[in-house]
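The values are calculated or read from the model by the stated rules, or taken from the named source; none is laboratory data. From a predicted model like this one, the values you see are computed outputs, not experimental measurements. Cβ atoms come from the backbone with ideal geometry, glycine included; neighbour counts cover every protein chain shown. We work out accessible area using only protein heavy atoms, side chains counted, and drop any ligands, DNA or RNA first. Shrake-Rupley method; radii C 1.70, N 1.55, O 1.52, S 1.80 Å.
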Amino acid sequence: LEADTQKEAPIIVNVTPRYRTPSEHTHATWLSMVHDADLKNNGLFVGTLTEYENFVRTYDCKIKYRPVSDFLDLANVIAGAELVVCNQGFTYSLAIGLGVATVLEANKIVPLQMNECFFPRTNTQYF
């Protein structure tokens, strides 16, 4: 997979309503990342406007929003990032394909090693 590197922020964030794990641990992990990575200043949210508004409201993080025009535009933004933090979805698939480091909120319905988004790589972490 190839894309034109478009450096807009060191960290790209995307959280969709699907494949979420509603738990105190998951919520606390997101809050910790918002604070520790200073996502307000270092992050860029990609996704729908509704997903963005939900993230801002849920995690009290006024992260910048970047609407994308198509999947190539999304791939270019991801290619320019140092890290992608997201849950299971197309943003994660693009990051994996481009070799960008990721932190994934994995669906907890099955053990991690049986998850369809489990790709053991040195630059991927799961929570």
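Within the set of pairs 6+ apart or on separate chains, which have a first residue in segment 62-78 that is farther than 13 Å from GLN6 by Cβ, a second that is open to solvent by less than 40 Å² (accessible area, probe 1.4 Å) and modelled with pLDDT of 95 or more, and C-beta atoms under 6 Å apart?
Here the result reads ILE63/LEU39; ILE63/GLY43; ILE63/PHE45; LYS64/LEU44; TYR65/PHE45, each pair linking segment 62-78 to a residue that is open to solvent by less than 40 Å² (accessible area, probe 1.4 Å) and modelled with pLDDT of 95 or more.
When you scan segment 16-42, how many residues do you find that are closer than 18 Å to PHE90 by Cα and not basic (Lys, Arg)?
Of segment 16-42, the ones closer than 18 Å to PHE90 by Cα are 16-21.
So of that shortlist, the ones also not basic (Lys, Arg) come out as 16-17, 19, 21.
Number of matching residues: 4.
Assess whether TYR52 counts as being farther than 18 Å from ARG20 by Cβ and aromatic (Phe, Trp, Tyr). Write out each step before concluding.
On the way: farther than 18 Å from ARG20 by Cβ: no; aromatic (Phe, Trp, Tyr): yes.
The answer is no for TYR52.
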